[in-house]
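The values are calculated or read from the model by the stated rules, or taken from the named source; none is laboratory data. Quick caveat, the model's predicted, so the values are computed rather than measured. Counting neighbours? That spans all protein chains shown, and the Cβs are built from the backbone with ideal geometry, glycine included. Surface areas here come from the heavy atoms of the whole protein model, side chains and all, with no ligands, DNA or RNA. Shrake-Rupley method; radii C 1.70, N 1.55, O 1.52, S 1.80 Å.
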Amino acid sequence: MNRRRFLTLSGVGVVGAVAGCSSEADSAESVDSHPAAADLDAQPRRGELGGHVILAFEDPSCPTCRRFHEDTLPDIRKNIVDAGKGAYVVRTYPVIYPWGEPATQALESTFARDSEAYWSLFDHYFAEQSSFDPDNVLDRTATFLTEETEVDGEAVASDARNRVHDDAVQADIQAAEDAGLGETTPIILLFEDGEFVTKVNGSVSYDLIAEALGEHDE
């Protein structure tokens, strides 16, 4: 964030909302050096890296993450991703309810097979969030994938039970811990032209994200 925009945001009260949850790890200002963005190119994303990068740590079991997806993500998709201005990147971070951990294992197993099926399953977890628990999440996941995607749902569920892709799950958790992000999801880090801008927590509005990224200056 350039100094002029920082002062402008501060003047209208936005910086308090945006930067109030920042940590010492945020001093790593490059997308290439920030610990939260480690191995960024390998993560599930919509859009192309470069320009604006919205990196979100989310738990499929988190109701606040669901609200972010319902209220804010459509505008991110429309105004950033579909407009060719940057990327929305997800790292799963299962820290809220117990069923989020096996769901995260299933998401990584799905992503290893088919990225579009990953996004479909991610959306499904939020859409049907209240119906999942630790005992049924993998069975329901298998049914959804088999019926609604080209992926073998039973194979994904088996991989999730056996933690076949646990390295990917742990890499996301480690990235959050290395960056000192805490456990209040969603945690959203904003980068512009390769430089760290700020971090926000919660179901923040698109307008706040756009302001921080300078979209309102254009």
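Overview of values
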item: The stretch 99-137, subset open to solvent by 20 Å² or more (accessible area, probe 1.4 Å) and hydrophobic (A, V, I, L, M, F, W, C), residue farthest from Ser61 (Cα to Cα); result: Ala112
item: Failed item in (1) at pLDDT below 95; (2) crowded, with 17+ Cβ neighbours inside 10 Å; (3) of a type in the set (Gly, Ala, Ser), with Gly50 passing the rest; result: (2)
item: Helices (runs of 4 or more DSSP H) within the stretch 59-163 that include 1 or more residues in contact with a His (Cβ under 6 Å, 6 or more places away or on another chain); result: 100-111, 115-127, 137-148
item: Some residue of the stretch 188-203 being open to solvent by 20 Å² or more (accessible area, probe 1.4 Å) and in a helix (DSSP H, G or I); result: no
item: Top-ranked residue in the stretch 18-46 [being outside any helix (DSSP H, G or I) and of a type in the set (S, T, N, Q); ranked as modelled with the highest pLDDT]; result: Gln43
item: The stretch 132-156 residues that are without any contact (Cβ under 8 Å) to a residue 24 or more places away in the chain and within 12 Å of Arg113 (Cβ to Cβ), paired with ones that are acidic (Asp, Glu) and in a helix (DSSP H, G or I) (beta carbon under 9 Å, 6 or more apart); result: Gly153/Glu147
